[in-house]
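Worksheet: one structure, shown below.
The values are calculated or read from the model by the stated rules, or taken from the named source; none is laboratory data. Just so we're clear, the structure is a prediction, and the values are computed from it rather than from any experiment. Reconstructed Cβ throughout: ideal geometry from the backbone, glycine too, with neighbour counts over all protein chains shown.
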């Protein structure tokens with residue numbers, strides 16, 4: 001029997017911590033809770049976790065400061081951010097410094113559990129049957145879980161890697177946002193999430209170099225990647 005995954009829930013609202021912890025427990029995921037970033041650091045230095053659910057706005061040590069500290073110290077544990085703020089700059093900053101995904105409050109507890117499970121699956125870096133995918137100057141090597149632009153190594157998060165995989169598997173064809181939400185984030189119900197657009201923008205920042213601009217937006221439908 002495999003060991004149940006363990007998640008650290010970090011939020012200064014007791015009601016939110018209890019709700020998330022109960023939902024995770026019903027999904028056979030062990031949950032430990034912390035009321036702020038400093039308490040979370042104490043847990044992280046004593047125990048190993050499969051994922052963090054991290055609120056941005058907290059006293060003492062907020063979520064962004066905690067995340068930056070963890071990544072600076074080399075901790076690669078996956079992170080799902082929670083944000084009650086309307087300012088997208090906070091979310092973008094979190095993704096830049098190493099968060100894997102985000103949800104804005106109020107959120108569906110069903111969606112949160114699905115996101116948690118999807119992130120943990122992606123973070124395992126399972127090797128696909130296809131060993132190498134290419135599109136123009138981009139190549140994905142699944143045996144090494146690496147991406148190159150010509151001969152230059154490109155550092156992608158597990159979520160970015162999965163998104164690029166879906167685009168290249170369908171290269172030349174339009175992939176709808178709904179399909180990407182289902183295949184990458186395992187969201188199979190109607191969602192107003194802008195997470196696809198956010199991650200597409202990060203792929204472009206990393207891969208639209210040396211004159212290449214192959215990741216296209218098809219307004220109102222989705223995205224495609226082309227070699228030229």
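Scanning region 174-202 for residues that are farther than 17 Å from residue 161 by Cβ and in a loop (DSSP other than H, G, I, E, B) yields 174, 187, 188, 189, 190, 191, 192, 193, 194.
Within region 40-65, the set of residues being in contact with a strand residue (DSSP E or B) (Cβ under 9 Å, 6 or more places away or on another chain) and free of Cβ contacts under 8 Å to residues at least 12 places away in the same chain comprises 42 only.
Take residue 159 and decide whether it is closer than 25 Å to residue 75 by Cα and either outside the structural domain of residue 80 (by TED's automatic domain parsing) or assigned to a helix (DSSP H, G or I) (or both). Against the criterion (closer than 25 Å to residue 75 by Cα and either outside the structural domain of residue 80 (by TED's automatic domain parsing) or assigned to a helix (DSSP H, G or I) (or both)), residue 159 qualifies. Just one of the listed residues (23, 40, 65) is under 19 Å from residue 121 (Cβ atoms) and not in a loop (DSSP other than H, G, I, E, B), and it is 23. The number of residues in region 134-158 that are more than 20 Å from the chain's Cα centre (by Cα) and either closer than 12 Å to residue 207 by Cα or at pLDDT 90 or above (or both) comes to 11. Has region 203-214 got at least one residue that is free of Cβ contacts under 8 Å to residues at least 40 places away in the same chain, farther than 23 Å from residue 52 by Cα and part of a helix (DSSP H, G or I)? Yes, some residue in region 203-214 is free of Cβ contacts under 8 Å to residues at least 40 places away in the same chain, farther than 23 Å from residue 52 by Cα and part of a helix (DSSP H, G or I).
Condition first: touching a residue at least 24 places away in the same chain (Cβ under 8 Å) and either assigned to a loop (DSSP other than H, G, I, E, B) or more than 26 Å from residue 28 (Cβ to Cβ) (or both). Now tell me which residues in region 68-87 satisfy that. Selection gives 68, 69, 71, 75, 77, 78, 83, 84, 85.
Quick check on my filter: what residues within region 93-111 are under 12 Å from the mean Cα position of the chain (by Cα) and either assigned to a helix (DSSP H, G or I) or not assigned by TED's automatic domain parsing to the domain that holds residue 51 (or both)? Passing the criteria: 94, 95, 96.
Residues checked against (1) crowded, with 17+ Cβ neighbours inside 10 Å; (2) touching a helix residue (DSSP H, G or I) at 6+ places or on another chain (Cβ under 6 Å):
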position: 74; (1), (2): no, no
position: 78; (1), (2): yes, yes
position: 100; (1), (2): yes, yes
position: 110; (1), (2): no, no
position: 119; (1), (2): yes, no
position: 133; (1), (2): yes, yes
position: 141; (1), (2): no, no
position: 158; (1), (2): yes, yes
position: 170; (1), (2): yes, no
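For residue 164, the conditions (1) surrounded by 18 or more Cβ atoms within 10 Å (Cβ to Cβ); (2) at pLDDT below 90; (3) not in a loop (DSSP other than H, G, I, E, B) all hold with the exception of (2).
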